[in-house]
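Data block below; observations after.
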Amino acid sequence: MENYLTIDVEDYFQVAAFADIVSPADWGGMEQRVEGNMAAILRLLKSHGVRATFFVVGWVAERHPEVVKTIVADGHDLGCHSYWHRNIYDLTPEEFREDTLRAKGILEEVSGKKVVAYRAPSYSITAKSLWALDILAEAGFTVDSSIFPILHDRYGIPDSPRFPYPLSQPGMKEFPISTSLFFGKKIPVAGGGYFRLFPYWFTRMALRKINDAEGQPFVFYLHPWEIDPAQPRFAKATLLSKFRHYNNLDRTMGRFQRLLNDFQFRPLPCV
């Protein structure tokens with residue numbers, strides 16, 4: 001079964017875990033590591049003959065256009081991951097519309113491709129920001145992958161469907177981040193911090209359960225900074241933020257290689 005591989009292209013200093021100590025005004029002065037990390041991911045995918053959907057932050061695309069061009073040249077699909085990587089529920093509808101259109105325009109100009117897939121920063125389309133879907137539909141997006149069907153302190157709609165479903169906005173479809181059921185409870189097992197937290201044997205078992213027991217593909221996600229244990233560290237971050245961001249960075253690349261060997265992948269169906 002072909003599963004959906006997605007990469008959220010942002011640099012280590014743009015994550016929500018550090019938003020309270022790193023201002024966007026400071027991003028330009030930070031050590032930029034996204035190009036090197038992306039090169040490693042693209043080489044690995046090419047060696048496995050795997051294509052993915054890359055959700056790129058507009059700020060990154062504007063300053064590192066070669067990253068976007070290489071993604072497209074290698075045959076991958078391109079998606080929008082906002083411009084400033086701010087949580088949607090912290091924005092007004094007008095601010096969200098401006099941010100989204102700015103990022104979409106940059107991505108389309110750099111790539112020469114139409115961008116119709118969107119993923120919210122930190123999966124921040126929640127019950128209080130569902131209005132964002134109307135704006136995405138108006139902007140021409142047909143695929144969203146922003147809703148996490150779990151309970152979490154920063155994101156999630158716990159009672160939303162676990163597998164792809166049509167949205168109420170005409171022509172739009174949601175591809176939620178995947179969870180696996182254990183004793184009737186939804187466990188997030190398909191990427192990011194959860195991929196680094198759980199031992200690989202557990203992740204593989206849980207993902208196979210989605211494929212084999214439920215007969216469904218899963219949506220997996222990863223960030224370029226997650227393969228980079230040498231990235232600069234923020235000493236002022238809270239202990240929770242440090243754990244979420246730095247836990248098992250040195251194991252991610254090896255686990256990702258095993259994942260590509262153990263499962264089949266394709267991009268999201270952006271039609």
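Nothing in this text is a laboratory measurement; each read-out follows from the coordinates by a stated rule. Computed from a predicted structure; not experimentally measured. Quick reminder, even Gly has a Cβ in these numbers, built from the backbone with ideal geometry, and neighbours come from all protein chains shown.
Structural size metrics of the chain, computed from C-alpha coordinates, are Rg and Dmax of 17.2, 49 Å. Comparing Ala237, Ala132, Ala190 in a Gaussian network model of the chain where C-alpha atoms under 10 Å apart are linked, the largest mean-square fluctuation is found at Ala237.
Once backbone amide H atoms are built at 1.01 Å from N, Val9 has Phe55, Val56, Val57 as its partners under 5 Å, excluding neighbours fewer than 5 places away on the same chain. Largest GNM mean-square fluctuation across Ala120, Ala52, Ala139, computed for the chain with C-alpha springs under 10 Å, falls on Ala139.
When the helices of the chain are scored as -39500 (n - 2.57) per DSSP H run of n ≥ 4 and the total is divided over every residue, the value at 222 nm lands at -10500 deg cm²/dmol.
Annotation note: GluC sites (Glu not before Pro) in the stretch 28-68 located in DSSP loop regions with a Cβ neighbour count of at most 13 within 10 Å are Glu31.
For the chain, the relative contact order is 24 percent, taking Cα pairs closer than 8 Å that sit 6 or more residues apart in sequence and dividing their mean separation by the residue count. For the stretch 1-154, averaging the sequence separation of C-alpha pairs within contact (under 8 Å, six or more residues apart) and dividing by the residue count gives a relative contact order of 21 percent.
Pairs of Lys residues in the stretch 55-207 are counted when their Cα atoms are under 27 angstrom apart and they lie 8 or more places apart or on different chains; the count is 15.
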